[in-house]
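Student: A single structure is presented below for examination.
The values are calculated or read from the model by the stated rules, or taken from the named source; none is laboratory data. Note that the structure is a prediction, hence the values are computed from the model and not measured. Neighbour counts run over all protein chains shown; Cβ positions are idealised from the backbone, glycine included.
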Amino acid sequence: MKKIETLEIHFQSYDDFRQEVANALYKRSPLIQKKNHIIFDTVASFRSFMTIQKIELLTVIANQKPSSIYELAKLVDRDFAAVLRDCTGLEAIGFINLKDSNNSKGTKIPQLRFNYKGMIVFLPRSPYQIEFSVAA
Amino acid sequence: MIHREYVVHDGKYLVVIRVYKVENSKKFPGGTKAKFLLQHCEGGFVRLLVDNHEPYGFHMHTRLPEDHEHREILEVKDHEAALDYFLNEVERIIKNEKN
């Protein structure tokens with residue numbers, strides 16, 4: 001049976017993140033993030049980032065495969081600049097890729113980073129991660 | 001050797017830690033190349049970058065994306081101390097923006 005690919009959202013406190021990378025560096029041991037993992041500092045952070053509008057963009061990208069950000073903006077009936085800003089954020093964090101289309105206009109094609117069918121949000125390991133951000 | 005990404009501050013920034021084993025050379029003494037980045041997600045630019053290579057040793061780019069040539073030399077002796085410095089800076093930047 002073919003496995004359904006999913007994107008996994010995990011949470012890790014800033015202190016745990018610091019300790020994990022510092023230990024790996026000190027021991028010179030490998031620490032490679034899985035391609036389908038995205039790690040946020042807090043649940044609040046994830047909720048603030050992943051707006052309904054961004055989920056709609058992901059849905060349209062996955063199902064309607066727009067050939068440009070302009071087309072994507074038309075499909076969701078939103079301002080191009082706002083959609084571009086959301087796409088830039090989604091790409092930076094690893095939800096999508098903005099692929100060069102090789103045309104003279106420099107059009108970017110929004111695509112899911114890999115062919116995932118859904119997202120799994122894992123529960124945080126510490127209750128405080130639900131409410132408080134690292135730097136609060 | 002190390003590639004970790006970590007989203008902070010309501011998805012505004014992405015912390016990227018990359019460490020590679022490379023040939024021991026004058027440019028990368030000790031055979032380790034490190035890059036620590038704080039990337040502004042929606043702006044699509046790097047806010048802070050720490051890396052190590054000769055002739056600068058460990059240094060920090062603090063005026064990106066406008067000025068790539070501006071470097072602040074870090075008085076640290078190893079990668080662990082550079083990482084610590086970088087992560088403290090990240091925390092300071094986020095705290096300042098929240099206040």
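Student: In segment B:29-63, which residues are within 13 Å of chain A (Cβ to nearest Cβ) and under 17 Å from A:ARG28 (Cα atoms)?
Tutor: B:GLY30, B:GLY31, B:THR32, B:LYS33, B:ALA34, B:LYS35, B:PHE36, B:ASN52
Student: When the residues of segment B:2-28 are narrowed to those that are in contact (Cβ under 8 Å) with a residue 12 or more places away in the chain and farther than 23 Å from B:LEU38 by Cβ, which ends up nearest to the other protein chains (Cβ to nearest Cβ)?
Tutor: The extreme case among them is B:LYS21.
Student: Which of the residues spanning segment A:31-50 are touching a helix residue (DSSP H, G or I) at 6+ places or on another chain (Cβ under 8 Å) and closer than 23 Å to B:GLY43 by Cα?
Tutor: Hits for segment A:31-50 are A:ILE38, A:ILE39, A:PHE40, A:ASP41, A:THR42, A:VAL43, A:ALA44, A:PHE49.
Student: Got a sec? Which of A:SER29, A:SER13, A:SER68 is among the hydroxyl-bearing types (Ser, Thr, Tyr), more than 12 Å from the chain's Cα centre (by Cα) and modelled with pLDDT of 95 or more?
Tutor: On the way: A:SER29 fails: modelled with pLDDT of 95 or more; A:SER13 fails: modelled with pLDDT of 95 or more.
The match here is A:SER68.
Table: residues versus (1) loosely packed, with under 15 Cβ neighbours inside 10 Å; (2) out of contact with any Asp or Glu (no Cβ under 7 Å at 6 or more places or on another chain); (3) aliphatic (A, V, I, L, M).
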| position | (1), (2), (3) |
| --- | --- |
| A:SER68 | no, yes, no |
| A:LYS74 | yes, yes, no |
| A:CYS87 | no, yes, no |
| A:LEU123 | yes, yes, yes |
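Student: When you look at B:GLU69, is it over 28 Å from A:PHE95 (Cβ atoms), outside any helix (DSSP H, G or I) and of a type outside the set (Val, Ile, Thr), yes or no? Before you say what the answer is, go through the steps one by one.
Tutor: Working: over 28 Å from A:PHE95 (Cβ atoms): yes; outside any helix (DSSP H, G or I): yes; of a type outside the set (Val, Ile, Thr): yes.
Yes, satisfied.
Yes or no, residue by residue, for (1) more than 21 Å from B:GLU91 (Cα to Cα); (2) within 17 Å of the chain's Cα centre (by Cα); (3) at pLDDT below 90; (4) away from chain B (no Cβ under 14 Å):
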position: A:GLU91; (1), (2), (3), (4): yes, yes, no, no
position: A:GLY94; (1), (2), (3), (4): yes, yes, no, no
position: A:SER101; (1), (2), (3), (4): yes, no, yes, yes
position: A:SER104; (1), (2), (3), (4): yes, no, yes, yes
position: A:GLN111; (1), (2), (3), (4): yes, yes, no, yes
position: A:SER126; (1), (2), (3), (4): no, no, yes, yes
position: A:PHE132; (1), (2), (3), (4): no, no, yes, no
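Student: Being of a type in the set (Lys, Arg) and over 16 Å from B:GLY11 (Cα atoms), is that true of even one residue in segment A:84-100?
Tutor: For segment A:84-100, residues of a type in the set (Lys, Arg) and over 16 Å from B:GLY11 (Cα atoms): present.
Student: Step by step: first the residues of segment A:32-58, then only those that are more than 13 Å from B:GLU5 (Cα to Cα) and more than 10 Å from every other protein chain (Cβ to nearest Cβ), then the one that is modelled with the lowest pLDDT. Which residue is that?
Tutor: Among residues in segment A:32-58 that are more than 13 Å from B:GLU5 (Cα to Cα) and more than 10 Å from every other protein chain (Cβ to nearest Cβ), the one modelled with the lowest pLDDT is A:VAL43.
Student: Here's a follow-up. Quick one: is A:SER13 small (Gly, Ala, Ser), within 7 Å of another protein chain (Cβ to nearest Cβ) and either surrounded by 15 or more Cβ atoms within 10 Å (Cβ to Cβ) or farther than 19 Å from B:VAL19 by Cα (or both)?
Tutor: For A:SER13, the condition - small (Gly, Ala, Ser), within 7 Å of another protein chain (Cβ to nearest Cβ) and either surrounded by 15 or more Cβ atoms within 10 Å (Cβ to Cβ) or farther than 19 Å from B:VAL19 by Cα (or both) - is not met.
Student: Would you please name the residue that is nearest to B:VAL46 (Cα to Cα), looking only at residues in segment A:59-91 that are among the acidic types (Asp, Glu) and assigned to a helix (DSSP H, G or I)?
Tutor: Applying the first criterion (among the acidic types (Asp, Glu)) to segment A:59-91 yields A:71, A:77, A:79, A:86, A:91.
When the remaining residues are screened for being assigned to a helix (DSSP H, G or I), the result is A:71, A:86, A:91.
Numbers: A:GLU71: 28, A:ASP86: 17, A:GLU91: 14 Å.
Within segment A:59-91, the match that is nearest to B:VAL46 (Cα to Cα) is A:GLU91.
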